[in-house]
């Protein structure tokens, strides 16, 4: 799925899991800025390590 957000302004490309409707991958391209986010694993055990 792709869309344009005029408030940013930027183009987005999202990969969405059809079974759960969760966003699993997101690309955004805007003026002088770009980003790539990957989401998951979902419901995985969480571990915290002290610094």
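Bear in mind that the values in this text are calculations on the coordinates, not laboratory data. Remember, it's a predicted structure, so these values are computed and weren't measured experimentally. Because the Cβ atoms are built from the backbone with ideal geometry, glycine has one as well, and the counts that use them run over all protein chains shown.
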Which of 26, 48 comes first, and how do the rest follow, when ranked by fewest Cβ neighbours within 10 Å?
48, 26
For 21, 39, which order do you get if you count the other beta carbons within 10 Å of each Cβ and list the fewest first?
21, 39
Counting other C-beta atoms within 10 Å, which of 28, 35 has the fewest, and how do the rest follow?
35, 28
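Given contacts defined as C-alpha pairs under 8 Å and at least six residues apart, what's the relative contact order of the chain, whole-number percent? All intermediate terms of the calculation are to be shown ahead of the outcome.
Working: 67 pairs, mean separation 11.9, N = 51.
Normalised by residue count, the contact order of the chain is 23 percent.
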